[in-house]
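Report on the following structure.
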Amino acid sequence: MPGIVLIGAQWGDEGKGKATDLIGTKVDYVARFNGGNNAGHTVVVGDETYALHLLPSGVVNPHVTPVIGNGVVVDPEVLFEEIDGLESRGVDCSRLKVSESAQVIAPYHRVIDKVTERFLGKHKIGTTGRGIGPAYADKINRVGIRVHDLFDAERLRDKVEASLHQKNQMLVKLYNRRPIDVDETTDELLKLGERLKPYVANTSLLLNNALDEGKTVLFEGGQATMLDVDHGTYPFVTSSNPTAGGACTGTGVGPTKIDRVIGVAKAYVTRVGEGPFPTELNDDSGEWLRTQGHEFGVTTGRPRRCGWFDAVVTRYATQVNGLTDIVLTKLDVLTGLNEIPICVAYDVDNGDGTHTRYEDMPVDQAAFAKATPVYETMPGWTEDISTVHKFEDLPANTQAYVKRLEEISNCRISAIGTGPQRDHIIEVRSLVD
Ligand code: GDP
Ligand code: IMO
Ligand code: MG
């Protein structure tokens, strides 16, 4: 079972870091394929908690080769901070491979991310402010800087000049800011390139060779299905493809090499930033979920918006990613509720006296923004489930809740998270073989 893709099935923060770590003990490579340091993936090993942003979560497993694929946007400053932080805690990062064609987040991308958000005012996206959108925009506009550009001073200066030519006009004339200096920026990037060089590799070739030799590669997504620039709640999305297809374009590995697609979904839903969220709870229940689930962002510390499980979203994730398995996380957080609502469909008021019931994701974002959840309710449980390791040993109501989620998500649930630690897991079936 060599090629496994692991992605977020909701709006992010589903516990992908923990799921990757779980599988990571059985794989040879973990490759990030999209996004950048907008991600915040938590891995808990014993008493140690690691918050990873740019590095693949597999880095904490000593036998895993972590890879940053071409689809990722790399902020070298942040990468080195992360490497230094981990190495000071005894995690060896020397095995890291970074794609020579990954895009670079330059200091000006961060500046533009922040001023654009401010300029958008009430239309803002609520980005992480890490320069992600502007870096991807440059990639698509063909004025981006790629990792291998950092090793050629003349070429780099030329590219920085081309990129800043238009940006400086915008910064000065539109945003009333100072222009950014081409030479200073080039020198800064060249210095970062020197340190980056030993990690840089032809990662597409590396991963394809590994797969041909029968090695196991886990493709780890940042963000999630509903934040996908094509399939998510546009425009309230990130600027990459966190869905399964992104694993191929973002690493240079063909779809015929992918054997399994694992979606990570929380037993409820959270979202950070702006944008529609049908099951959002702006009441005591939402506050309860946030407190019980410690729902605060790993990257920005922002409180996460919380809501009940949305089966329309998970069914959609099954559809657009071709999920073979779901890892259901944070089931333990629901312990103590009398009843648990599950959203099974949406009701949309058409504004002319008629209503439409949606079992599937509405394509029209205006309809999605107006969607009211249609709930069915399951009985809750009060027993502590964090020490349970077999599905059959879960309380009957917990089993019934999981089985119902499985049924309405159109995908089998193959593992269940019962707490943040490595061993807080019920493996219903192997995720690797
Ligand atoms: P990611 O971005 O998808 O990797 O998820 P985050 O790390 O941003 O957020 C998930 C949070 O939930 C982290 O604090 C994890 O330690 C924690 N977590 C993961 N799985 C479980 C679980 O099954 N139960 C509980 N209680 N916490 C979990
Ligand atoms: P992980 O990998 C949750 C959200 C931001 C914002 C939108 C666009 O930890 O699940 P961006 O900075 O990417 O341009 O912001 O996307 N966002 C995330 N939300 N988890 C993430 O990553 C996210 N990465 C970006 O809050 O709404
Ligand atoms: Mg996260």
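For LEU55, the criteria (1) aliphatic (A, V, I, L, M); (2) closer than 15 Å to GLN421 by Cα; (3) buried (at least 23 other Cβ atoms within 10 Å of the Cβ) hold in every case but one, which is (2). Only one entry in VAL402, VAL388 is in contact (Cβ under 8 Å) with a residue 12 or more places away in the chain, assigned to a loop (DSSP other than H, G, I, E, B), out of contact with any Asp or Glu (no Cβ under 9 Å at 6 or more places or on another chain) and β-branched (Val, Ile, Thr), namely VAL388.
Scanning segment 239-264 for residues being of a type in the set (Ser, Thr, Tyr) and farther than 12 Å from GLY71 by Cβ gives a total of 1.
Looking for whichever is in contact with a strand residue (DSSP E or B) (Cβ under 9 Å, 6 or more places away or on another chain) and outside the structural domain of ASP325 (by TED's automatic domain parsing) here; the options are VAL402, VAL388, VAL432, VAL374. Which one fits?
Values: VAL402 fails: outside the structural domain of ASP325 (by TED's automatic domain parsing); VAL388 fails: outside the structural domain of ASP325 (by TED's automatic domain parsing); VAL374 fails: outside the structural domain of ASP325 (by TED's automatic domain parsing).
Only one candidate qualifies: VAL432.
Only one of the numbered conditions (1) within 16 Å of ligand 1 (Cβ to nearest atom); (2) surrounded by 15 or more Cβ atoms within 10 Å (Cβ to Cβ); (3) without any contact (Cβ under 8 Å) to a residue 60 or more places away in the chain is not met by ALA265, and that is (3). Inspect segment 206-229 for any residue being closer than 22 Å to VAL115 by Cα, open to solvent by 10 Å² or more (accessible area, probe 1.4 Å), of a type in the set (Val, Ile, Thr) and modelled with pLDDT of 95 or more and give the result as yes or no. Yes; the residues of segment 206-229 include at least one that is closer than 22 Å to VAL115 by Cα, open to solvent by 10 Å² or more (accessible area, probe 1.4 Å), of a type in the set (Val, Ile, Thr) and modelled with pLDDT of 95 or more. When we screen ILE426, ILE408 for residues that are outside any helix (DSSP H, G or I), more than 16 Å from ligand 3 (Cβ to nearest atom), under 30 Å from ILE4 (Cβ atoms) and not charged (D, E, K, R), the only hit is ILE426.
What do you reckon, is GLU407 over 21 Å from ALA244 (Cα atoms), open to solvent by 40 Å² or more (accessible area, probe 1.4 Å), of a type in the set (Asp, Glu) and within 25 Å of the chain's Cα centre (by Cα)? When the stated conditions are applied, GLU407 passes them.
I want to confirm something. Restricting to segment 4-54 and keeping residues that are among the acidic types (Asp, Glu) and away from ligand 2 (no atom under 12 Å from the Cβ), which single residue is farthest from VAL74 (Cα to Cα)?
Checking each candidate, the answer is ASP47.
A quick yes/no check of all residues on (1) assigned by TED's automatic domain parsing to the domain that holds GLU188; (2) under 18 Å from ASN61 (Cα atoms); (3) in contact with a helix residue (DSSP H, G or I) (Cβ under 9 Å, 6 or more places away or on another chain):
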| residue | (1), (2), (3) |
| --- | --- |
| VAL73 | no, no, yes |
| GLY85 | no, yes, no |
| ASP92 | no, yes, yes |
| ARG110 | yes, no, yes |
| THR116 | yes, no, yes |
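Only one of the listed residues (PRO420, PRO362) is open to solvent by less than 50 Å² (accessible area, probe 1.4 Å), in a loop (DSSP other than H, G, I, E, B) and touching a strand residue (DSSP E or B) at 6+ places or on another chain (Cβ under 9 Å). That residue is PRO362. Looking only at residues in segment 333-359 that are among the polar types (S, T, N, Q) and more than 16 Å from ALA267 (Cα to Cα), which one is surrounded by the most Cβ atoms within 10 Å (Cβ to Cβ)? Filtering first and then ranking leaves THR356. Filtering segment 118-139 to residues that are within 20 Å of the chain's Cα centre (by Cα) and away from ligand 2 (no atom under 12 Å from the Cβ) leaves only LYS139. Once segment 128-172 is narrowed to residues that are within 16 Å of ligand 1 (Cβ to nearest atom) and of a type in the set (Val, Ile, Thr), the residue that is most open to solvent (accessible area, probe 1.4 Å) is THR128. Among the residues of segment 244-261, those identified as under 13 Å from the mean Cα position of the chain (by Cα) and either open to solvent by 10 Å² or more (accessible area, probe 1.4 Å) or over 28 Å from HIS123 (Cβ atoms) (or both) are ALA244, ALA247. Here segment 21-33 is the region considered, the condition is being modelled with pLDDT of 95 or more and within 13 Å of ligand 1 (Cβ to nearest atom), and the residue that is surrounded by the fewest Cβ atoms within 10 Å (Cβ to Cβ) is VAL30.
Evaluating ALA31 against the criteria (1) near ligand 3 (Cβ under 10 Å from one of its atoms); (2) among the small types (Gly, Ala, Ser); (3) part of a strand (DSSP E or B) leaves one unmet condition, (1).
β-branched (Val, Ile, Thr), open to solvent by less than 30 Å² (accessible area, probe 1.4 Å) and over 29 Å from VAL182 (Cβ atoms): which single residue out of VAL43, VAL98, VAL72, VAL104 fits that description? Of VAL43, VAL98, VAL72, VAL104, the one residue that is β-branched (Val, Ile, Thr), open to solvent by less than 30 Å² (accessible area, probe 1.4 Å) and over 29 Å from VAL182 (Cβ atoms) is VAL43. For the condition in contact with a Ser or Thr (Cβ under 6 Å, 6 or more places away or on another chain), surrounded by fewer than 23 Cβ atoms within 10 Å (Cβ to Cβ) and within 19 Å of ILE408 (Cβ to Cβ), PRO379 does not qualify.
The values are calculated or read from the model by the stated rules, or taken from the named source; none is laboratory data. Model, not experiment: these values are computed from the prediction. Using ideal geometry, Cβ is built from the backbone for each residue, glycine included, and neighbour counts are taken over all protein chains shown. In case anyone asks, the SASA skips ligands and DNA or RNA and just uses the protein heavy atoms, side chains included. Shrake-Rupley method; radii C 1.70, N 1.55, O 1.52, S 1.80 Å.
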